[in-house]
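Here the structure comes first, spelled out in structure tokens, and everything after it is commentary.
The values are calculated or read from the model by the stated rules, or taken from the named source; none is laboratory data. From a predicted model like this one, the values you see are computed outputs, not experimental measurements. We place every Cβ from the backbone using ideal geometry, glycine too, and count neighbours over all the protein chains shown. Each accessible area value is taken on the protein alone, full model and side chains, heavy atoms only, with ligands, DNA and RNA left out. Shrake-Rupley method; radii C 1.70, N 1.55, O 1.52, S 1.80 Å.
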Amino acid sequence: MSSIKAALPEKEIITHVKKLDGKSPGGDLHDKWSKYKSEMKLVNPANKRKYNIIVVGSGLAGGSASATLAELGYNVKTFCVQDTPRRAHSIAAQGGINAAKNYQNDGDSVQRLFIDTIKGGDYRAREANVYRLAEVSTNIIDQCVAQGVPFARDYGGLLTNRSFGGAQVSRTFYARGQTGQQLLLGAYSSMMRQVSKKQIELFTNKEMLDLIIIDGKARGIVVRDLKTGDIEKHTAEAVVLCSGGYGNVFFLSTNGKNSNATAAWRCHKKGALMANPCFAQIHPTCIPASGEYQSKLTLMSESLRNDGRVWVPKSADDKRASEDIPENERDYFLERMYPAYGNLVPRDVGSRAIKRVCDEGKGLGATGRAVYLDFGSAMERLGEKNISDKYGNLFDMYETITGESPYKKPMRIYPAIHYVMGGLWVDYDCMSNIPGLFVLGEANFSDHGANRLGASALMQGLADGYFVIPYTLGNYLANNSLDAVSETADEFKESIDEVKKRNDSLLKIKGSSTVLELHRELGAIMWDLVGMARTKDSLAQALEKIPQIKDKFWNDLSLMGSDDNLNKSLENASRLADFIELGELMALDAYDREESCGAHFREEYQTSEGEPLRNDEKYAYVSAWEYIPDSPSILHKEDLNYEFVEMTQRNYK
């Protein structure tokens, strides 16, 4: 047991002596997954009909898992908070999906994708999981093409690729700036085919509020119907959580407003470990915030950095319009700082560089929090039509929001919260420490370490759903004797009573602060103190201020309406309560990790060139936190042992 320093005597970090086991198979890295699959126990096709599986979430991970498990013969119940699975946040992904196909014959391979992903994550991911991700990436493209996903093709009709950050090859498959939408429609069509065959029962407008554990295993969930307020219970032999990330803890992010942490956090409060919660990704190319009352930010795809050049005026005093600044007075700072990768450095590197030049006073506009993303030279080289074919819908989106055409003026961009690498801890099977609770996609921590490379989120979600969970879930079911569970079990009754009690407590507060106001306050603390750059002092301040927000929430919250019908305020208040607790854990995790790695940038720990300075001797592990009611969280550790990769200082210069 060790104290969290004198600044915060009431916060104690308790480190559990037992190390976590990720259960990575032995043997050569290149054969682990194939050998492991060949040794798994299987469920007889006729017996699959006896098993009920709950899938929470209908994005790329949830949709692909639902479709694949149902196709295998399992009885699947799929839940989503939206009115249709097509509104899952996966639809917002723009730029593309990585796969080591090497269609460009430019030197790509599974090994190179594996190395790029491990390096991009700053050596804080589990080696075996990352290699499996790279290995199955090639299958994803074949699957999606067979579904009819309209990937971009060259003049001869062959699939084409473009480059993304952190790679020196072109391995990203794309559908203009709508890749997430097209991939989601592919998964959705496969899922709805199983719905029509009655192999999937689809539940829309349902929010998971609790996980049911019976005899130590996940056996069901409790949900609230967001239209009627009814509390419902559902049983299963296993629960597959695909609920996405928690970026909205920062209030302003590129996430859809429906994206939340509640399903994952309620699992955490039932015993599931939360891993590396402080690893949150800042995306460098987002439309800057325009006013105090803005409630969401908009992503501009990383793919734009293939042809767009990032720059600011060389002089901080230069306030001329962009077209009036000659080339020799422009600072293309990413190309200057990182000549080997230029504008296609990883997201954490690019975001910090943008922050740095803005902190030097070279930022644009009234706020000074913007830089140019300029397509002028690309249009001179390739022509406006070529650029429009690649990025037309993104340019249209930018003009609709800002009133400026990127064909005529450079875009203005600034970093924003976009994705979280942290999530519920899972082993090699994508199963949490709670038997029977599997976690896929952004909801788990497993594949991206401390920073995700662009175009890898779609890859992970579909890899987990199409090609991992069908094997590992079957292995779990075949190895466990699972007695039938009744919805009348005491565990369901206790959970429903607790959910109703919580809603009643929120409605009875009758204070003066709205959910929006309190969420904005939390977001400001998270961004300013736990955001792109962190220090011991800023994190200590956050750990002091977040409990004050929590106290204000539970004593001064203002809610209208009741819990027996559609009530967005109640819905958002319930989510905010979870965000507040999660935000405190994120600050605690960042405080405890006294190093810089990837997107976790502690200003005290940086190289002479301003790059993250890891401490592999002390922190080459996964931080996995256990929730203890009314007591400090317990820190468990999974050591990251690299057998096939040498941990080095990242260098993109």
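If you take Cα Rg over 2.2 N^0.38 Å from the coordinates, which of [x] 0.92; [y] 1.99; [z] 1.27 do you get?
[x]
Counting only helical runs of four or more DSSP H residues, what would the 222 nm mean residue ellipticity of the chain come to if each run contributes -39,500 (n - 2.57) and the total is spread over all its residues?
On the way: 18 runs with 228 residues, N = 653.
Calculated at 222 nm, the ellipticity per residue is -11000 deg cm²/dmol.
At a temperature of 4 °C and a viscosity of 1.567 mPa s, determine how fast segment 164-301 diffuses translationally according to Stokes-Einstein, using the Kirkwood radius over alpha-carbon pairs as Rh; express D in µm²/s, rounded to the nearest whole number. Please list the in-between numbers first.
Values: Rh = 18.4 Å.
Estimated via Stokes-Einstein, D reaches 70 µm²/s.
Treating only the Cβ of Lys, Arg, Asp and Glu as charged (+1, +1, -1, -1), what charge dipole size does the chain show about its Cα centre? Round to the nearest 20 debye. Mind dumping the intermediate values first?
On the way: 80 positive and 87 negative charges, 240 e Å.
Once rounded to the nearest 20, the dipole reads 1160 debye.
Name the residues whose placed amide hydrogens come within less than 5 Å of the amide hydrogen of residue 412, ignoring near sequence neighbours (fewer than 5 apart) on the same chain.
Distant-sequence amide H within range of residue 412: 373.
How large is ³J(HN,Hα) for each residue in segment 355-366, as worked out from phi by the Karplus curve 6.51 cos²θ - 1.76 cosθ + 1.60 (θ = phi - 60°), to whole Hz, x for Gly and Pro?
4, 4, 5, 5, 5, 7, x, 9, x, 9, x, 5
Quote the FRET efficiency, to the nearest 0.05, computed for residue 230 versus residue 42 with a Förster distance R0 of 45 Å and r equal to the Cβ-Cβ distance. Provide the component values of the computation, followed by the final result.
Details: r = 38 Å, r/R0 = 0.85.
Efficiency for this residue pair is about 0.75.
Over segment 221-344, what relative contact order in percent results from Cα pairs under 8 Å that are six or more residues apart?
Working: 109 pairs, mean separation 20.1, N = 124.
Relative contact order comes out at 16 percent.
Under 1.5 on a/c is rounded, so check that first for segment 333-418, then, if it is not, pick prolate when a/b is larger than b/c and oblate when it is not; a ≥ b ≥ c are the square roots of the alpha carbon gyration tensor eigenvalues. Working shown, then result.
Working: a/c = 1.92, a/b = 1.34, b/c = 1.44.
Verdict is oblate for segment 333-418.
Give the longest segment of the chain that steers clear of GluC sites (Glu not before Pro) in DSSP loops with at most 11 neighbouring Cβ atoms within 10 Å, not counting the sites themselves. Walk me through the numbers on the way to the answer.
Details: sites that count: 10, 292, 609, 643, 646.
With a cap of 11 other Cβ atoms within 10 Å, the longest stretch comes to 293-608.
Between residue 481 and residue 594, what is the label-point separation in nm under the 7 Å Cα-to-beta-carbon projection?
If labels sit at residue 594 and residue 481, their model points lie 5.1 nm apart.
Would you mind estimating how fast segment 141-186 diffuses translationally, via Stokes-Einstein at 4 °C and 1.567 mPa s with the Kirkwood radius over Cα pairs, in µm²/s?
Details: Rh = 11.2 Å.
Rounded, D is 116 µm²/s.
With θ set to phi - 60° and the Karplus curve 6.51 cos²θ - 1.76 cosθ + 1.60, what are the ³J(HN,Hα) couplings of segment 648-653 in order, to the nearest whole Hz, using x for Gly and Pro?
10, 5, 4, 9, 10, 7
From the phi angles alone, apply the Karplus equation (6.51, -1.76, 1.60; θ = phi - 60°) to segment 77-87 and give each ³J(HN,Hα) in whole Hz, x where the residue is Gly or Pro.
Listing the rounded values in order: 10, 10, 10, 9, 7, 7, 7, 8, x, 5, 8 Hz.
So who's got an amide H within less than 5 Å of the one on residue 417, skipping anything under 5 residues away but keeping other chains? H placed 1.01 Å off N, in plane.
Here 254, 283 satisfy the definition.
Hey, what did segment 579-646 get for relative contact order, percent, Cα under 8 Å, at least 6 apart?
Rounded, it is 20 percent for segment 579-646.
Relative contact order for the chain: what is it in percent, counting Cα pairs under 8 Å that are at least 6 residues apart? Walk me through the numbers on the way to the answer.
On the way: 1405 pairs, mean separation 136.0, N = 653.
It rounds to 21 percent for the chain.
With every protein chain left in place and a probe of 1.4 Å, what is the accessible surface of residue 83, to the nearest 10 Å²?
Surface accessible to solvent at residue 83 totals approximately 80 Å².
At 4 °C and 1.567 mPa s, grab the translational diffusion coefficient of segment 155-235 from Stokes-Einstein with a Kirkwood Rh over Cα pairs, rounded to a whole number in µm² per second. Mind showing how you got there, number by number?
Values: Rh = 16.9 Å.
Once the numbers are plugged in, D ends up at 77 µm²/s.
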